[in-house]
Amino acid sequence: MRATAIWLTLLACMQTGCAGFRGGWESVAYIGDAPPSPIEPATSAYERNQRPPLSLPGMSLHVSIDNRVRDYDTQVWLFAVPVKVDPRNVQTSVAAPGRTRVLLAITPTHPGLVFRPRQAVLTFGGRQYAAVAGREFDQFAVDPSRPAQWEYREVPTDMPLHSVQEQYLLSIDFDAPSPSPEAPDITIDLSRALLAAGLAEVPLIRFVPVRWKEGYT
C-alpha cells in the first residue's frame, strides 16, 4: 500500500506539476547612518544581483555576506494544497564551519586601485574580526592544452586591480561564526582593504536585515 501511495503521489506531481515557495532573511549592504530607502524583498537571485551597487570613491561595489537563512519552505501541487511545510531555520550558504565569507563585485573607475583583503575588519555582536584570506573568482588555466576553468584562487597580500571599468569578483574570509542576517549591527571596514593614491577612504559599510522570498518549480 505504501509503495502504491508513493507512486500515485509521483504520478500526480508529473501530471499537475509540483511547485513551492520559500523565504527567509539576508543582509543587504548600505552606506550612511540609515538605509537610503525601504529595500524590497528579492524574489529571485536575479533580482538580488540587480540591486544598485554602492557608489564609492574610485569604484562601484556590490557587497554580500554568505549568511543567508531560509526560515520556511512550502511545497505544493499546482492549484492544490501544500504537501510539505518546512519551518526550520536553514543557512543556505556557508564558506566553512566557523568562517564568514564576504563577497565583493568591484568595478574600478579610477586607476591604481589595490585590493588588500587581510586589512578588512568585520564587526558584529560587539566584536571585531580580522580577515584571514582573500580570493578571486575567475577563469584560470591549469593546463595550457585545456580550457580555463572558473574557480576561486587565493590572492596575494596586495592585488592591483589594473583594469578600469572591468568587474572583479573577489571574496574575503573572516575567522568568525556566521552572523545572523537578522542582526542589525553588522559592519565591514574596507578603508584599508580597497585604496588608491588620491582617493578618499571607503566609508564604513553597514548591513540591514531584509526578507527574501522566491517561488520555484
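The values are calculated or read from the model by the stated rules, or taken from the named source; none is laboratory data. This one's a predicted model, so the numbers in the text were calculated from it and none came from an experiment. No Cβ is skipped: glycine too gets one built from the backbone with ideal geometry, and neighbour counts run over all protein chains shown.
Got a sec? Which of 156, 160 is without any contact (Cβ under 8 Å) to a residue 40 or more places away in the chain, farther than 22 Å from residue 67 by Cβ and not charged (D, E, K, R)? Don't jump to the end; show me each part of the working.
Working: 160 fails: without any contact (Cβ under 8 Å) to a residue 40 or more places away in the chain.
Within the list 156, 160, the selection yields 156.
Do we find a residue being farther than 20 Å from residue 199 by Cα, of a type outside the set (Lys, Arg) and at pLDDT 90 or above anywhere in segment 48-61? Steps first, answer last, please.
First pass over segment 48-61, keeping only residues farther than 20 Å from residue 199 by Cα: 48-52.
From what is left, the residues that are of a type outside the set (Lys, Arg) are 49-50, 52.
Subsequent filtering for residues that are at pLDDT 90 or above retains none.
No, segment 48-61 contains no residue that is farther than 20 Å from residue 199 by Cα, of a type outside the set (Lys, Arg) and at pLDDT 90 or above.
Can you find a residue in segment 175-182 that is acidic (Asp, Glu), part of a loop (DSSP other than H, G, I, E, B) and at negative phi?
yes
Can you find even one residue in segment 116-129 that is small (Gly, Ala, Ser) and touching a Pro at 6+ places or on another chain (Cβ under 6 Å)?
No, segment 116-129 contains no residue that is small (Gly, Ala, Ser) and touching a Pro at 6+ places or on another chain (Cβ under 6 Å).
Of the residues 151, 166, which single one is among the acidic types (Asp, Glu) and within 26 Å of residue 26 (Cα to Cα)?
Numbers: 166 fails: within 26 Å of residue 26 (Cα to Cα).
Just one listed residue meets the conditions, 151.
In segment 76-97, is there at least one residue being in contact with a Pro (Cβ under 9 Å, 6 or more places away or on another chain), surrounded by 12 or more Cβ atoms within 10 Å (Cβ to Cβ) and at pLDDT 80 or above?
No, every residue in segment 76-97 fails to be in contact with a Pro (Cβ under 9 Å, 6 or more places away or on another chain), surrounded by 12 or more Cβ atoms within 10 Å (Cβ to Cβ) and at pLDDT 80 or above.
Could you tell me whether residue 191 is free of Cβ contacts under 8 Å to residues at least 24 places away in the same chain, over 17 Å from the mean Cα position of the chain (by Cα) and surrounded by 13 or more Cβ atoms within 10 Å (Cβ to Cβ)?
It is true that residue 191 is free of Cβ contacts under 8 Å to residues at least 24 places away in the same chain, over 17 Å from the mean Cα position of the chain (by Cα) and surrounded by 13 or more Cβ atoms within 10 Å (Cβ to Cβ).
Could you run through segment 183-217 and say how many residues are of a type in the set (D, E, K, R), within 19 Å of residue 64 (Cα to Cα) and not in a strand (DSSP E or B)?
Residues that pass the stated criteria total 2.
Condition first: of a type in the set (A, V, I, L, M), outside any helix (DSSP H, G or I) and either modelled with pLDDT under 85 or surrounded by fewer than 16 Cβ atoms within 10 Å (Cβ to Cβ) (or both). Now tell me which residues in segment 1-30 satisfy that.
Scanning segment 1-30 gives 1, 19.
Restricting attention to segment 115-171, which residues are out of contact with any strand residue (DSSP E or B) (no Cβ under 9 Å at 6 or more places or on another chain) and not in a loop (DSSP other than H, G, I, E, B)?
127
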